[in-house]
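Have a look at the structure below, then the notes.
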Amino acid sequence: MTKIKGVLARPLPSIVFLAVFLFGAAIRLYGLRDQLFWGDEAWNIRMAHEISWEIPQLFSRDSHPPLFHFLLDCLINTIGVDSPVNLRLLSVVPGLFLLALGIVWGSNLFGHWLGGLAFGWLIATSPLLIEQSQEVRNYSLFLLFSGLVFYSLTKQEFKKSHLYTASLCLS
């Protein structure tokens, strides 16, 4: 982590990383209002509305872990509006965290800030990652936790890392 702090102390890498991050955010936020919910997204919203003490019965019909549905239910109860933009933000935010993680991971993995730029650019412009960040599905959250697992595996002391254990359990 000290390498990345040294990199961010210099102005050029910081500006470039910020530009890549903002570009990735703009791509993920573009058109969220224009898209209608499709079948799987509507199913997730329905499951989030039905979360109660009947969780084993509800999730016996779904093969996905319930963390995303719990977070979606909290978002619906907090904001109170089922608009496509508000609900899709739950997938956009983990996608942006994955982008930031990719920039840090690439810088540490390749030992140079250009590695972080390349890794971040690949994540920012990947059509699959953009699509997963724009749907009310749990895949964006899964990709973030998987990225955290792999990031902690590249660290030398990953067996002692609480980040590795928590990310592995959540993914």
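In segment 124-149, the qualifying residues are those that are over 11 Å from the mean Cα position of the chain (by Cα) and part of a helix (DSSP H, G or I), and the one that is nearest to P66 (Cα to Cα) is V149.
For segment 55-91, name all the residues that are at pLDDT 75 or above, closer than 15 Å to A42 by Cβ and surrounded by fewer than 13 Cβ atoms within 10 Å (Cβ to Cβ). Hit for segment 55-91 is S83, nothing else.
The values are calculated or read from the model by the stated rules, or taken from the named source; none is laboratory data. Note that the structure is a prediction, hence the values are computed from the model and not measured. Quick reminder, even Gly has a Cβ in these numbers, built from the backbone with ideal geometry, and neighbours come from all protein chains shown.
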